[in-house]
Amino acid sequence: MAQLYYEDVQEGMDLPTVEETPTTRTLVQWAGASGDYFELHYDKDFAQSMGFPGPIVHGRLEAAFLTKMLTNWIGEKGELKKMSVQYRGNAFPGQPLKMGGKVTKKSVEGGENLVECQIWVENPEGRQITPGTAVVALPSKS
Amino acid sequence: MAERKTASMEEIKALEGKKSEDSMEIDQHMINLFCQCIGDPSPKWKGTAPPGMITTAMISGGAVFLNIPIPYQRTVAAGADWEFLKPIKTGDTLHTTHEFFELQDKSSDKGPRALMVYKSSHKNQKGEVVAVSTNTIMSY
């Protein structure tokens, strides 16, 4: 994992995207690994009773994919400080999801080199179904 | 098929401030399961939990622990905020306080709708706050 430094980052730059295609198996795996056994994510009849065509991907799994994108980007010495997401659309098992982001602000506060980003999960139609923001701290080369 | 327990807006509003506490020891097996699931094989997560683990329901899912009734039969996650304050190491015991913070009536001409806001504070065995989180559920 390459180390990212504060000096390497410019406002407006894109974060390296990550693509994932969670399957039904992934959702079962996530239920066990995360303790989220809400039937909406594996019971087709339950999902349809709630007005969905079938089980949907856990929003928290999408959030976890975003944390992976961020921690891979910032490297071993970077720190993920904050993350916020809004779940505005649904993802379905078998659909490829693209996690992306853009740097919006750099600042030095309290001795920390902070980088603010917009982040998102995009569905195959190109819609940002889970937009959000994140703050990371990066080491300096100096 | 599972049925969710429902109650009136007034009954749920009266539950604002209800808290529950939970403790959990973090071990490498839990970390490995999480990392396998999201496809993150980074060696960085040997002995240290990825911050993303805080996003899991078993750690920050206040709705799971507090079992507050919902106003309407349908629910989905609406959003979440996490603040990652200190690293979590294997062998740490996380002590989490979950609170049902607020019920917001968002009904409109589109129909009945409410937001249920849960806040969680996560401390390690030394009493240090390692993370705080807010999770919002929409019931409609």
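The values are calculated or read from the model by the stated rules, or taken from the named source; none is laboratory data. On a predicted model such as this, the values are computed, not experimentally measured, just so you know. Here the Cβ is made from the backbone with ideal geometry for all residues, glycine too, and neighbour counts use every protein chain on show.
Overview of results
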read-out: Single residue of the stretch A:34-46 satisfying the filter (within 7 Å of chain B (Cβ to nearest Cβ) and within 20 Å of the chain's Cα centre (by Cα)) that is nearest to A:Gly89 (Cα to Cα); value: A:Asp36
read-out: Segments classed as strands (runs of 3 or more DSSP E), wholly inside the stretch B:13-112, with at least 3 members that are among the β-branched types (Val, Ile, Thr), facing chain A (nearest Cβ under 8 Å) and under 21 Å from A:Met83 (Cα atoms); value: none
read-out: One residue from B:Asp81, B:Asp92, B:Asp105 being over 16 Å from the mean Cα position of the chain (by Cα), modelled with pLDDT of 95 or more and surrounded by 16 or more Cβ atoms within 10 Å (Cβ to Cβ); value: B:Asp92
read-out: Hits in the stretch A:47-72 (condition: at the interface with chain B (Cβ under 8 Å from one of its Cβ atoms) and touching a Cys at 6+ places or on another chain (Cβ under 8 Å)); value: A:Leu61, A:Ala64
read-out: Some residue of the stretch A:104-114 being in contact with a Cys (Cβ under 7 Å, 6 or more places away or on another chain) and within 24 Å of B:Leu85 (Cβ to Cβ); value: yes
read-out: Selection from the stretch A:16-38 of residues that are without any contact (Cβ under 8 Å) to a residue 24 or more places away in the chain and either within 17 Å of B:Tyr140 (Cβ to Cβ) or aromatic (Phe, Trp, Tyr) (or both); value: A:Tyr37, A:Phe38
read-out: Count - residues of the stretch A:1-26 that are in a helix (DSSP H, G or I) and farther than 22 Å from B:Ala49 by Cβ; value: 5
read-out: Conditions (1) within 19 Å of the chain's Cα centre (by Cα); (2) modelled with pLDDT under 95: number failed by B:Met1; value: (1)
read-out: Filtered residue count, the stretch A:85-102, keeping only those that are assigned to a strand (DSSP E or B) and of a type in the set (A, V, I, L, M, F, W, C); value: 3
